[in-house]
Amino acid sequence: MFLNLKFSRKRQHLKHGTIRIKYRKSGLTLEESNEIQMLIENAFEIDRIYMDAGLNLDELAKLLDKSKHKISEVFSKKMKCTFYEMLNQYRIEEARKLLLNGSQISIKSIIYEVGYCSKASFYKEFKKKVGMTPKAYRKMFLKTQDF
């Protein structure tokens, strides 16, 4: 147990140290970092780019006309998450809304509408974030509306 704890602490230290070392020479200014963060947030909030099943870091970089390395740095240092963590968060949140607002829409349709290509990936991520399956989530909501 003690050895695992030491290893775990060392790994955490290395992880944080790696971030600092990785971006030490990036040249990303605070102003540029703020601009990129605003562009990312607008792309997700206003343009709802997360619903594009083909979206990846390279595509986001093209859309924002910014280097993917700088975008990655903004996610890591400023937003404290990865691109895929944010992408999945928005997709699952959109799926939750659709599950509650459109009981006529099939779960399979929702999966593709929010940008997932795989039912298995969607279910895994949904259960991880929400704590239950999409069907159970919808059912729970419908029961509370009956009261």
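The values are calculated or read from the model by the stated rules, or taken from the named source; none is laboratory data. A quick note: this is a predicted structure, and the numbers were derived from the prediction, not measured. Neighbour counts are summed over all protein chains in view; Cβ atoms, including those assigned to glycine, are modelled from backbone coordinates with ideal geometry. When the accessible area is computed, the model is the full protein with side chains, heavy atoms only, and any ligands, DNA or RNA have been set aside. Shrake-Rupley method; radii C 1.70, N 1.55, O 1.52, S 1.80 Å.
Numerical summary
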{"read-out": "Sites Ser118 and Met38 - FRET efficiency at Förster radius 35 Å, r taken between beta-carbons, to 0.05", "value": "0.65"}
{"read-out": "Accessible area expressed per residue, the range 21-147, with surrounding protein chains retained (probe 1.4 Å, Å²)", "value": "63"}
{"read-out": "Relative contact order computed over the range 33-87 (Cα-Cα under 8 Å; 6+ residues apart), in percent", "value": "38"}
{"read-out": "Percentage relative contact order, the range 57-147, counting C-alpha pairs under 8 Å, at least six apart", "value": "19"}
{"read-out": "Descending semi-axes in whole angstrom, ellipsoid equivalent of the range 52-114, from the Cα gyration tensor", "value": "28, 13, 7"}
